[in-house]
Amino acid sequence: MEATLMYGAHDVRVETVPDATLVDPTDAVVRVTRACICGSDLWPYNSMPPSEIGNRMGHEFIGIVDAIGTDVRTVKKGDLVVAPFAWSDGTCEFCLQGLQTSCLHGGWWGGVTLDGGQGEAVRVPLADGTLVKLPVGPDHVLMPSLLTLTDVMGTGHHAARAARVQPGKIVAVVGDGAVGLCGVIAARRLGAERIIMLGRHADRIALARAFGATDIVSERGDAAIERVRELTSGLGAHSVLECVGHGEAMRTAVSIARPGGAVGRVGVPQETTIPNAQQTFYANITIAGGPAPVRAYIEELLPDILDGRIEPGRVFDRVTNIGGVPDGYRAMNEREAIKVMIEF
Ligand SMILES: [Zn+2]
């Protein structure tokens, strides 16, 4: 089968790899119908040291169950399923709390030992805990939005939850990538009265407004902080969604949260410290968040997508096939595309 491997920075290749097969009785093999490239894939795309063997890529996919192990109960051959970006047993202490990204027996797609989502098929460990059956066919018109349940919509929702978004309150979103845009959807869905999007790209701003952003701040750095303060009577936002991960974004996020407010961070931190420790201490600002347990949110968000109340699939502005994946990475890295969907 064909799959995507990364051999180093700016070195993404599509190659023939061994077919995905059942290994454990709790496995399923899923033939991928839709997948995508993630903003988080761009971190290794820009920094991975050269590798002889390459890393299998992709953690966002929907597909059809092709085979199940003898212990699998919740899905069967022929089911269309969505997979969250981490696999999990669904039964341990942390899964039962709805924190499947800390599953005691779970893990992450791809790397050197597991299949990734950016390939024709995936061996899914712990299929009962991991996969969720979709009540539609594989070419349903809502497929782009359903695909966001694998990561970006659940991650935007997690940022909003971690930032304690409440009805009637002011929310700011740092980061105008697919996660930030989904964060706008989530904030609106949770009843925020004002949603301030920090972003500069015209296409992303237009989408943010369509998703419910009420104010756009296009300044950078201190000017952006100043502008958010002006928009909030000098007080700052109740909730800030940090959807980037680098130090400057986090510094902005903690600087625009009001005293007693919260920052929900879902961008993978690229630095080892949280900036402005004294400022956040004296203002009693909560900093929360981490890898979103998107598995926990699939059932909550799915009805809103099926009913058309939210349309996170609009973040996809380019579609390609498996052969076009390397150029998809390039396009996202050069901000030519917000998010690239792969059709199989
Ligand atoms: Zn677990």
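The values are calculated or read from the model by the stated rules, or taken from the named source; none is laboratory data. Since we're looking at a predicted model, the values are computed, not measured. So basically every Cβ, Gly included, is an ideal-geometry build from the backbone, and we count neighbours across all protein chains shown. Ligands, DNA and RNA are stripped out before the accessible areas are found, and what is left, the full protein with its side chains, is counted by its heavy atoms. Shrake-Rupley method; radii C 1.70, N 1.55, O 1.52, S 1.80 Å.
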- Please identify the pairs in which a residue from the range 175-190 that is surrounded by 24 or more Cβ atoms within 10 Å (Cβ to Cβ) has its Cβ atom under 7 Å from the Cβ atom of a residue that is polar (S, T, N, Q) and in a helix (DSSP H, G or I), counting only partners at least 6 apart or on another chain. VAL179/THR155; CYS182/THR148; CYS182/THR155
- Can you confirm whether the range 113-125 contains a residue that is open to solvent by 10 Å² or more (accessible area, probe 1.4 Å), part of a strand (DSSP E or B), of a type outside the set (Gly, Ala, Ser) and within 16 Å of the ligand (Cβ to nearest atom)? no
- Contact list, first residue from the range 82-100 and free of Cβ contacts under 8 Å to residues at least 24 places away in the same chain, second anywhere and of a type outside the set (Ser, Thr, Tyr) and open to solvent by 30 Å² or more (accessible area, probe 1.4 Å), beta-carbon distance below 6 Å, six or more apart or interchain, is CYS92/LEU104
- Query: What are the residues in the range 98-112 that are open to solvent by 50 Å² or more (accessible area, probe 1.4 Å) and either away from the ligand (no atom under 15 Å from the Cβ) or touching a strand residue (DSSP E or B) at 6+ places or on another chain (Cβ under 7 Å) (or both), if any?
  - Reply: TRP108, VAL112
- Item | Qualifying residue in the range 54-67 (condition: open to solvent by 50 Å² or more (accessible area, probe 1.4 Å), more than 27 Å from GLY313 (Cβ to Cβ), in a loop (DSSP other than H, G, I, E, B) and away from the ligand (no atom under 16 Å from the Cβ)) | no
- Hey, can you tell me all the residues within the range 77-97 that are in a loop (DSSP other than H, G, I, E, B) and either more than 17 Å from the chain's Cα centre (by Cα) or near the ligand (Cβ under 6 Å from one of its atoms) (or both)? LYS77, GLY78, ASP79, SER88, ASP89, GLY90, THR91, CYS92, GLN97
- Task: Answer yes or no: is there a residue in the range 256-267 that is assigned to a helix (DSSP H, G or I) and at pLDDT 95 or above.
- Result: yes
- Just to be sure, is ALA288 among the small types (Gly, Ala, Ser) and either surrounded by fewer than 16 Cβ atoms within 10 Å (Cβ to Cβ) or part of a helix (DSSP H, G or I) (or both)? yes
